[in-house]
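S.K.: Pasting in a structure now, in structure tokens, and then I'll have a few things to ask.
The values are calculated or read from the model by the stated rules, or taken from the named source; none is laboratory data. In this text the structure is predicted, and so the values were computed from the model without any measurement. Using ideal geometry, Cβ is built from the backbone for each residue, glycine included, and neighbour counts are taken over all protein chains shown. Accessible surface areas use protein heavy atoms only, side chains included; no ligands, DNA or RNA. Shrake-Rupley method; radii C 1.70, N 1.55, O 1.52, S 1.80 Å.
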Amino acid sequence: MKDIVVRADSLHKTFTLSRRQRKLEKTGETKKVAVDGLSFSACRGEIYGLLGPNGAGKTTTLRMLSTLIKPDAGDASVMGHSVVKESGKVRDCVGFMTSELKLEKFFTPDYLFQFFGAMHGMSKDKIAERKRDLFTRFGVNAFAGVKVGDLSTGMLQKVSLVISIVHDPDVVIFDEPTNGLDVLTAKVVTDFLMELRAMGKSVLLSTHIFSLAEKLCDRVGVIIDGKMAAEGTLEELCGGFSLEDRFFSIYRDLKGDVL
Amino acid sequence: MKLLALIKKEFYRFFRDPRLIVTMLLPGILIFALYSILGNAIYSEEEEARAYRIYLQGESSLVTVLEEVIKESGDTVEFLPLEDEESAKAEIEEGEAAAILVFPEGFDETLLMGVFGETKPAVRIVYDPSDEASMTFYSIASATLQEIGSRFEIAPQSVRSEPELGREVMTTILPFIIVCFVFSACMSVTLESVAGEKERGTLATVLVTSARRSDVAIGKIVPLACVSMLGALSSFLGIALSMPKLMGMSLGFLGTYSVWSYILLLPLLLCIVPLIVAVIATVSTLSRSVKEASAYTGVLMILVMVVSIITSFVPSFGDWTVVVPVLNAVVYMQRILQGGLPVWQSLVSVGVNLLYTAVLVVIITKMLSSERIMFGK
Ligand SMILES: Nc1ncnc2c1ncn2[C@@H]1O[C@H](COP(=O)(O)OP(=O)(O)OP(=O)(O)O)[C@@H](O)[C@H]1O
Ligand SMILES: [Mg+2]
């Protein structure tokens with residue numbers, strides 16, 4: 001067995017809904033269980049995909065793993081550090097990518113790379129070295145001096161990716177990597193993830209796009225209603241069927257014939 | 001090191017963006033332009049009919065000329081014999097009489113025969129520069145008399161000594177105006193930088209790094225306070241420079257304060273800047289959007305303005321005011337401008353305001369760590 005870099009141990013997260021949210025979701029319930037006792041582990045050098053329908057709790061799980069929010073119960077460890085007790089250490093070994101995290105439009109990629117390097121406590125020399133390496137590898141040099149606000153979506157995506165791994169994290173967590181991107185930009189992202197795997201990094205991503213999971217992931221966990229419904233390598237999980245068919249049968253087993 | 005990078009980023013953001021610099025410095029320039037125009041307008045404006053009461057001593061045919069000029073402009077004038085100059089002055093101060101007009105003995109004869117020797121005869125006009133009617137009469141009279149001849153001089157005399165007048169204006173409204181401008185300077189940068197960054201999701205990007213929350217909070221407050229001080233200073237200069245025009249007075253009295261007054265005044269003025277920045281930053285961190293934050297901040301601004309205008313009407317507060325943020329600075333700035341030197345109260349006020357700022361920084365730090373506030377939907 002390869003060494004485990006991310007281990008989630010019966011994570012729980014319940015949100016208290018505000019009156020506004022209740023109205024928005026048309027529910028009288030004041031609580032929403034987003035993640036309900038989720039456990040899984042991801043190993044070094046693999047791409048692990050959390051697969052699930054809308055509202056399954058994927059984003060919530062990834063946010064807990066990247067310490068943006070705290071679990072109500074359970075714990076998770078990243079590179080051996082507890083997300084509950086050692087959030088600072090976890091942040092230094094994780095790169096978190098999501099469309100919610102934005103870069104200030106006013107600055108150039110050059111400046112932001114330096115700034116976020118400093119935010120992770122890196123020395124100037126280390127940052128410069130890392131910049132040379134990453135900017136060349138991912139083709140950012142050409143627009144390193146252009147303000148983020150003036151970049152095309154594809155360039156911006158590249159810049160965000162590069163900046164999220166400025167501190168050379170062992171684990172990269174990525175929420176909905178290709179959501180809302182055109183095929184070209186999406187390819188930038190998937191190539192980047194495969195490149196990361198080739199570099200020996202571990203990638204944890206969430207998606208509801210089956211083809212993406214089939215193309216990228218070494219192992220998948222299927223989340224339904226905040227619980228792990230099935231987990232394994234693609235072959236183990238699918239057993240000859242397509243991932244999509246397999247998912248429907250898992251969903252049917254769990255929720256009855258609602259489709 | 002992380003704190004330094006955060007502070008540097010904030011400054012860089014500000015000083016590389018011409019738009020932000022303009023929004024910061026524009027109020028001062030606008031105030032200067034506006035007040036200068038306003039000041040000119042006030043003194044050239046046609047007023048409704050006035051009835052001037054003038055105490056007169058000595059005789060001259062010029063009195064009838066003056067009477068006619070005033071009547072032509074639609075006003076009336078009543079000349080009374082001057083009996084007791086002191087009580088007449090008191091009436092002028094109270095606004096009941098407009099001026100005292102004193103012609104020397106045999107004025108008309110002297111004019112007709114020409115002047116022998118160096119000294120020209122002088123017409124003395126006693127008036128109150130802080131009263132509009134009195135001021136207007138003075139300008140009409142001196143203009144009319146000057147038009148008639150250059151064989152005599154006009155000796156204007158204010159019922160108030162110049163420093164007193166200046167002080168009165170300065171002490172009642174200046175601290176209030178300062179607080180207003182400090183507030184609006186702080187508001188424009190802080191809302192944009194804190195609420196704006198939260199709304200746009202760029203603050204969250206900093207929060208996923210291992211930077212300490214306290215560093216993030218201080219890294220906002222310190223540079224924003226510095227930048228706001230610049231803005232406040234610009235507005236302050238705008239007022240100071242347009243004040244003479246607006247009030248029709250000179251700023252000469254500023255020289256009548258001791259160095260110590262200024263040494264106390266400056267920290268009092270400066271210590272409210274970080275405090276107000278911290279207050280607005282707290283509100284901004286709590287709010288979901290810039291719009292929401294500016295609504296709350298608007299309410300706060302009114303509150304602060306009301307508190308500081310109250311001090312203009314209530315003449316003396318007890319020393320308990322040292323513990324009330326912002327109000328303490330207003331009250332003791334006022335006292336210094338009145339000529340007092342409340343040393344310990346000023347120093348304690350500065351300390352208290354800085355303490356409140358520190359408490360707010362702690363609160364912001366707590367809020368930055370709260371997922372409900374930062375990442376709630
Ligand atoms: N901050 C919050 N406050 C209240 N409810 C929340 C909050 N965040 C998420 N939820 C709710 O928790 C549930 C799980 O949300 P989550 O975003 O984790 O789902 P997801 O799997 O990422 O779905 P999607 O594919 O739509 O992104 C949803 O029902 C959502 O409405
Ligand atoms: Mg999601």
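S.K.: Where only protein heavy atoms count, and the probe is 1.4 Å, what is the accessible area per residue for region A:4-45 in Å²?
M.R.: Value returned for region A:4-45: 60 Å² of accessible area per residue.
S.K.: Kyte-Doolittle mean at least -1.0 and Cα extent at least 27 Å along the axis: which DSSP H helices of chain B qualify?
M.R.: What comes out of the filter, once short or polar helices are dropped, is B:18-44, B:162-190, B:213-247, B:259-286, B:290-313, B:343-369.
S.K.: What size of dipole, in debye to the nearest 20, comes out for chain B about its Cα centre when the only charges are +1 on Lys and Arg C-beta atoms and -1 on Asp and Glu C-beta atoms?
M.R.: 4180
S.K.: If the cut-off is a Cα-Cα distance under 24 Å, which lysines reach A:Lys147, setting aside same-chain residues fewer than 8 apart in sequence?
M.R.: Answer for A:Lys147, where 24 Å is the Cα cut-off: A:Lys102, A:Lys105, A:Lys124, A:Lys126, A:Lys131, A:Lys158, A:Lys187, B:Lys2, B:Lys8, B:Lys9, B:Lys198, B:Lys220, listed by chain and number.
S.K.: Could you please state how large a percent of the accessible area of chain B is carbon and sulfur, counting protein chains only and using a 1.4 Å probe?
M.R.: Of all accessible area on chain B, carbon and sulfur atoms account for 65 percent.
S.K.: Relative to the longest principal axis of the C-alpha atoms of chain A, give the angle of the C-alpha long axis of helix A:183-198, reported between 0 and 90° and rounded to the nearest 10°.
M.R.: Tilt relative to chain A: about 90 degrees.
S.K.: Can you give the calculated 222 nm mean residue ellipticity of chain B, where each DSSP H run of n ≥ 4 adds -39,500 (n - 2.57) and the sum is split over every residue, rounded to the nearest 500 deg cm²/dmol?
M.R.: Theoretical 222 nm ellipticity from helices: -23000 deg cm²/dmol.
S.K.: Considering just Cα atoms, how many Å³ per residue does the convex hull of the protein assembly as shown enclose?
M.R.: In the protein assembly as shown, the Cα convex hull volume per residue is 226 Å³.
S.K.: Sticking with this structure for a sec: Using a Förster radius of 35 Å, what is the FRET efficiency between A:Glu236 and A:Glu86 based on their Cβ-Cβ separation? Nearest 0.05, please.
M.R.: 0.60
S.K.: What whole-number volume per residue, in cubic angstrom, does the convex hull of the C-alpha atoms of region B:260-377 give?
M.R.: Dividing the Cα hull volume of region B:260-377 by its residue count gives 94 Å³.
S.K.: Provide the packing ranking of B:137-147, B:184-194, i.e. peptides ordered by the mean count of other C-beta atoms within 10 Å per residue, highest first.
M.R.: Top of the packing list down: B:184-194, B:137-147.
S.K.: Averaged over B:196-209, how many beta carbons belonging to a partner chain fall within 10 Å of each residue's beta carbon?
M.R.: 6
S.K.: If you take the beta carbon distance between A:Lys2 and A:Thr30 as r and set R0 to 51 Å, what does 1/(1 + (r/R0)^6) give as a FRET efficiency, to the nearest 0.05?
M.R.: In this case the efficiency is close to 0.75.
S.K.: Zone of A:Ile209 (label point 7 Å along Cα→Cβ, backbone N under 16 Å): which residues in region A:234-253?
M.R.: Inside the label zone: A:244.
S.K.: With every protein chain kept in place and ligands, DNA and RNA left out, what is the accessible area per residue of chain B? Probe 1.4 Å, answer in Å².
M.R.: 48
S.K.: List the extent of the Cα atoms of chain A along each of their three principal axes, largest first, rounded to whole Å.
M.R.: 56, 46, 35
S.K.: On to the next question. List the residues whose amide H sits under 5 Å from the amide H of A:Val84, counting only those 5 or more places along or on another chain, with H placed 1.01 Å from N in the peptide plane.
M.R.: So A:Val84 has HN proximity to A:Ala76.
S.K.: In terms of Cα to Cα distance under 16 Å, which lysines are near enough to A:Lys2, apart from those fewer than 8 places away along the same chain?
M.R.: Qualifying lysines at Cα under 16 Å: A:Lys201.
S.K.: Setting aside same-chain residues fewer than 8 positions from A:Lys70, which lysines have a Cα under 19 Å from its Cα?
M.R.: A:Lys13, A:Lys31, A:Lys32, A:Lys58, A:Lys85, A:Lys89, A:Lys227, B:Lys366, B:Lys377
S.K.: Can I ask one more? May I ask for the net charge around B:Ile364, where only other residues with Cβ less than 12 Å from the Cβ of B:Ile364 are counted and Lys, Arg are +1 while Asp, Glu are -1?
M.R.: Result for the local shell: +3.
S.K.: Given a 1.4 Å probe and every protein chain left where it sits, what share in percent of the accessible area of region A:80-232 is carbon and sulfur?
M.R.: 51
S.K.: Sticking with this structure for a sec: What's the FRET efficiency of B:Ser370 with B:Phe11 using the Cβ-Cβ distance as r and R₀ = 30 Å, to the nearest 0.05?
M.R.: Step by step, r from the Cβ atoms, then E = 0.65.
S.K.: By how many degrees, 0 to 90 and rounded to 10, does the Cα axis of helix A:243-255 deviate from the longest principal axis of chain A?
M.R.: 40
S.K.: Put a dot 7 Å past each Cα toward the Cβ at B:Ser214 and B:Glu292; how far apart are the dots in nm?
M.R.: According to this spin-label approximation, the distance is 2.8 nm.
S.K.: Gain in length, B:Trp320 to B:Ala122, computed as 0.36 nm per residue apart minus the alpha-carbon separation, to one decimal in nm?
M.R.: 66.0 nm
S.K.: Also, quick follow-up: What does the helix-only formula give at 222 nm for chain A: each DSSP H stretch with n ≥ 4 adding -39500 (n - 2.57), the total divided by the residues, and the result rounded to the nearest 500 deg cm²/dmol?
M.R.: Here the helix-only value at 222 nm equals -11000 deg cm²/dmol.
S.K.: Using a 10 Å cut-off on Cβ atoms, rank the peptides A:58-69, B:348-359, A:169-180 from the highest mean neighbour count down.
M.R.: Peptide ranking by packing, descending: A:58-69, A:169-180, B:348-359.
S.K.: Let me ask another. Check B:Leu56: other-chain or 5+ apart residues with amide H under 5 Å from its amide H, H built from backbone geometry?
M.R.: Answer set, sorted by chain and number: B:Leu80, B:Leu82, B:Leu101.
S.K.: Could you tell me the distance between the Cα centroids of region A:108-126 and region B:49-115, to the nearest Å?
M.R.: 78
S.K.: Moving to a separate point now. What is the interface area between chains A and B, defined as buried accessible area summed over both chains with a 1.4 Å probe, reported in Å² to the nearest 100?
M.R.: Approximately 2600 Å², summed over both chains.
S.K.: Also, quick follow-up: Any idea what the relative contact order of region A:75-191 is, in percent, if you count C-alpha pairs under 8 Å spaced at least 6 apart?
M.R.: 35
S.K.: Only Cα pairs under 8 Å and at least 6 apart count here; give the relative contact order of chain B as a rounded whole percent.
M.R.: Once normalised by length, the contact order is 21 percent.
S.K.: Amide H neighbours of A:Thr14 under 5 Å, at least 5 residues apart or on other chains, H built in the peptide plane: list them.
M.R.: Placed amide hydrogens put A:Ala34, A:Asp72 under 5 Å from A:Thr14.
S.K.: Follow-up question, since we're still on this one. Report, in degrees rounded to the nearest 10, the 0 to 90 angle that the Cα long axis of helix A:109-119 makes with the longest principal axis of chain A.
M.R.: 70
S.K.: What does the highest-first list of B:218-224, A:213-219 look like by mean Cβ count within 10 Å?
M.R.: Packing order, densest peptide first, comes out as B:218-224, A:213-219.
S.K.: Net charge near A:Glu86: determine it from the other residues with C-beta under 12 Å of the C-beta of A:Glu86, scoring Lys and Arg +1 and Asp and Glu -1.
M.R.: +1
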